[in-house]
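Since the structure comes first, as structure tokens, the remarks are kept for the end.
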Amino acid sequence: MGTEGSRPLDDEALDLGCGEGAYAIEAAVHGADVLAIDARRQRMDEGAAVAARHGLRNVRFAQEDVRRVTRATHGEFDVVLLLGLLHHLDAPVAVLEHLRELCRSALLVDTLVSLAPDAEIAWRDRAYRGHWHREHADDDPPEARRSKVLKSIDNTFSFRLSREALVRANPIGNCNAGPGSEGTGGTRLSGGAGGEAPPGRHRGGPRGAP
């Protein structure tokens with residue numbers, strides 16, 4: 001497949017938090033076998049319709065929770081995309097661990113990081129600095145949370161890792177943790193800070209999927 005002068009891909013790719021599926025569709029156009037996952041259908045249905053119009057049979061869209069994606073549930077992939085999603089999660093280190101286990105080659109992460117870490121979470125007896133960021137009001141009902149397509153699917157707060165914590169949590173390959181820069185090991189990080197910390201949540205284990 002692929003465009004003229006380019007080498008067709010034969011990778012198995014996983015696109016998490018795919019939204020409309022722009023990257024999943026582009027990879028499929030170039031020959032990759034792609035599974036695109038998002039917790040919401042609103043935007044994902046648009047991407048599925050585009051793929052269908054172009055006859056792309058090698059990209060599949062599925063509504064699932066990224067926090068439940070593991071090698072045991074989904075197998076292994078050559079390339080894993082986690083673009084613009086990690087900083088909306090309340091258990092980012094656990095998710096990264098699962099993705100490392102199912103990724104054969106390249107894990108590409110594009111995320112906001114905390115530039116002024118003031119809290120920490122613990123995972124497997126290690127502490128990770130960062131910042132609790134509010135995603136929803138405490139009394140937002142589930143349907144209201146799901147309707148906010150650029151926010152977390154259900155967690156009231158997300159934990160944004162510091163640059164140093166993100167590097168330690170994602171130790172495969174080489175990683176350039178400068179804001180907005182690209183790492184040679186397939187990791188891209190963007191700087192960002194802000195939000196408020198929930199009372200009593202400055203230390204403790206990350207919360208998993210409900």
Go through (1) modelled with pLDDT under 95; (2) within 13 Å of the chain's Cα centre (by Cα) for Gln42 and report which single condition fails. (2)
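Answer with yes or no whether Asp118 is closer than 21 Å to Ala94 by Cα, modelled with pLDDT of 55 or more, surrounded by 13 or more Cβ atoms within 10 Å (Cβ to Cβ) and over 18 Å from the mean Cα position of the chain (by Cα).
On the way: closer than 21 Å to Ala94 by Cα: yes; modelled with pLDDT of 55 or more: yes; surrounded by 13 or more Cβ atoms within 10 Å (Cβ to Cβ): yes; over 18 Å from the mean Cα position of the chain (by Cα): yes.
The answer is yes for Asp118.
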Matching residues in the stretch 131-169 (closer than 19 Å to Leu83 by Cβ and in a strand (DSSP E or B)) number 5
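For every residue, the table says whether it meets (1) over 17 Å from Ala169 (Cα atoms); (2) modelled with pLDDT of 95 or more; (3) surrounded by fewer than 18 Cβ atoms within 10 Å (Cβ to Cβ).
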position	(1), (2), (3)
Gly17	yes, yes, no
Ala22	yes, yes, yes
Ile25	yes, yes, no
Ala28	yes, yes, no
Val59	yes, yes, no
Asp65	yes, yes, yes
His74	yes, yes, yes
Phe77	yes, yes, no
Pro92	no, yes, no
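Residues being of a type in the set (Gly, Ala, Ser) and under 18 Å from Leu86 (Cβ atoms): count how many of those fall in the stretch 33-49.
Total meeting the criteria: 2.
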Take Ser114 and tell me if it is in contact (Cβ under 8 Å) with a residue 60 or more places away in the chain, among the polar types (S, T, N, Q) and touching a helix residue (DSSP H, G or I) at 6+ places or on another chain (Cβ under 9 Å). yes
Selected residue [of a type in the set (A, V, I, L, M, F, W, C), closer than 17 Å to Arg40 by Cα and within 17 Å of the chain's Cα centre (by Cα)] from Leu89, Leu161, Leu166: Leu89
Of the conditions (1) surrounded by 14 or more Cβ atoms within 10 Å (Cβ to Cβ); (2) touching a Gly at 6+ places or on another chain (Cβ under 8 Å), the single one that Asp10 does not satisfy is (1)
Enumerate the pairs (first residue in the stretch 95-106 and free of Cβ contacts under 8 Å to residues at least 60 places away in the same chain; second residue anywhere and loosely packed, with under 15 Cβ neighbours inside 10 Å and assigned to a strand (DSSP E or B)) with beta-carbon separation below 8 Å, excluding pairs fewer than 6 apart on the same chain, so at least 6 apart or on different chains. none
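On the basis of being over 16 Å from Asp11 (Cβ atoms) and over 9 Å from the mean Cα position of the chain (by Cα), does Arg67 make the cut? Please lay out each step first, then the result.
Working: over 16 Å from Asp11 (Cβ atoms): yes; over 9 Å from the mean Cα position of the chain (by Cα): yes.
Here the answer is yes, as Arg67 does meet what is asked.
The values are calculated or read from the model by the stated rules, or taken from the named source; none is laboratory data. What you are looking at is a predicted structure, and each value in this text was computed from that prediction instead of being measured. Heads up, the Cβs are rebuilt from the backbone with ideal geometry, glycines too, and the neighbour counts pull from every protein chain shown.
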